[in-house]
Structures are given as C-alpha cells and as structure tokens.
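Notes for the one structure printed next.
Values in this text are rule-based calculations from the coordinates and carry no lab data. The shown structure was predicted, so the numbers you read here are calculated from the model rather than taken from an experiment.
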Amino acid sequence: MANVPLTFLAIGPILAGLAIALASRPITGAVMVDRLLSWSVLVNIGVTDLVNFVFHVFFGQMSAAFIGWADSPLQFEVGTASLGFASASFIAAFGSFDRQLIAIIGQASSHWAQPVGTPTRW
C-alpha cells in the first residue's frame with residue numbers, strides 16, 4: 001500500500017510503450033505523445049485515485065493510521081473526491097487533449113492545498 005502511486009507511475013509508461021509498439025506504422029511523435037499521455041492519465045490518475053477511493057472509504061481506519069491521521073469523516077470526503085478524479089480520468093484518458101488536461105489539472109490542484117511537510121493523501 002505504501003508504494004501504490006509509485007507502482008502505477010511505473011505501470012503507465014510500460015503500458016504506453018506496449019501501445020506504441022502495437023501502433024500502426026509509421027509511428028510519429030504525435031502518436032507517441034498521445035499514447036503516453038492517454039495511458040498516464042488512465043493509470044497514474046484514474047487507477048491510483050480509484051485505489052485511493054477504496055482505501056479511504058472502505059478501509060478508512062487502516063488508511064488513516066497508515067498516513068498518520070486520526071480516523072474521521074474526512075476519510076470519506078477524501079475518498080469521494082478521489083472517486084471524482086478517477087471518474088474524470090477514465091472519461092478523459094482516450095479523449096481529446098483538452099479533456100486529458102482538465103483531468104491532470106483537477107488532480108494536481110487537489111495537492112496544491114496541502115500544507116508543506118504534511119503526509120500525502122496516498
């Protein structure tokens with residue numbers, strides 16, 4: 001559980017590499033960027049936030065203890081926010097660049113409000 005984001009950070013480019021290898025030839029730079037961005041949005045944001053949702057909502061006490069929080073209704077709030085980011089990412093993953101950018105900005109902005117030095121929400 002400690003390395004869920006790191007694990008998915010590694011899986012995203014691997015899946016993108018496979019998608020690039022299976023793409024029709026000739027493979028252009030645009031195709032490579034598209035595959036990398038699509039799989040990164042799907043795996044690095046979507047799947048990671050889906051896992052975050054499951055742990056914060058269904059295993060809230062364990063999740064809170066793991067990251068040094070007291071168990072509280074905040075667990076459910078963080079979990080449902082993660083479900084929203086995961087849903088947006090699943091919709092955006094293979095859509096237009098604009099949708100992918102919205103998914104990335106939405107997820108990234110959730111980390112901007114976190115005070116420096118506090119544990120991450122993963």
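Comparing Gly12, Gly29, Gly79 in a Gaussian network model of the chain, where Cα atoms under 10 Å apart are tied by springs, the biggest mean-square fluctuation is seen for Gly29.
Quick one: pull the percentage of alpha-carbon pairs in segment 4-107 with a separation above 19 Å.
Result for the distance tail: 49 percent.
Here the Gaussian network model covers the chain, with springs between Cα atoms less than 10 Å apart; of Thr80, Thr28, Thr48, Thr28 fluctuates the most.
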